[in-house]
1. Please find, within the stretch 1-11, the residue that is modelled with the lowest pLDDT out of those that are surrounded by 18 or more Cβ atoms within 10 Å (Cβ to Cβ) and in a loop (DSSP other than H, G, I, E, B).
2. Could you check the stretch 58-73 and list, in sequence order, the residues that are farther than 13 Å from residue 8 by Cβ, in contact (Cβ under 8 Å) with a residue 24 or more places away in the chain and not in a loop (DSSP other than H, G, I, E, B)?
3. Looking only at the stretch 12-54, which residues are in a strand (DSSP E or B) and surrounded by 15 or more Cβ atoms within 10 Å (Cβ to Cβ)?
């Protein structure tokens, strides 16, 4: 059995379901990608997916589907996607074992 690309926590799955239930019609899911940016060099990006993209990896975990940009796969292997809320903010959090550095604000990372 091969290891799943990413795993999705209970909190992240619950939040994804909430987001999709409130999304405009035609949204098929959420897509995770990685882009250049931030002070550490790379940033996670989540967007609504309106049309499936042929080469996207589809991860099914915790009763939700997340679409992964094929260019992001090598950066996300083994990552756990979580959702955290505190007094002042709420956000998806990527616990990525491949990170070698993370900026002070937590918005960008380096592999």
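1. The initial filter retains those residues of the stretch 1-11 that are surrounded by 18 or more Cβ atoms within 10 Å (Cβ to Cβ), namely 5-6, 8-9.
When the remaining residues are screened for being in a loop (DSSP other than H, G, I, E, B), the result is 5, 9.
Values: 5: 88, 9: 96.
Here the answer is 5.
2. From the stretch 58-73, those farther than 13 Å from residue 8 by Cβ are 69-73; that's our starting set.
Of the ones still in play, those that are also in contact (Cβ under 8 Å) with a residue 24 or more places away in the chain are 69, 71-73.
Result: 71, 72, 73.
3. Initial filter on the stretch 12-54 (in a strand (DSSP E or B)): 29-37, 41-49.
Within the stretch 12-54, 29, 30, 31, 32, 33, 34, 42, 43, 44, 46, 49 meet the criteria.
The values are calculated or read from the model by the stated rules, or taken from the named source; none is laboratory data. These numbers come from a predicted model, not from an experiment. All Cβ positions, glycine included, derive from the backbone under ideal geometry; neighbour counts span all protein chains shown.
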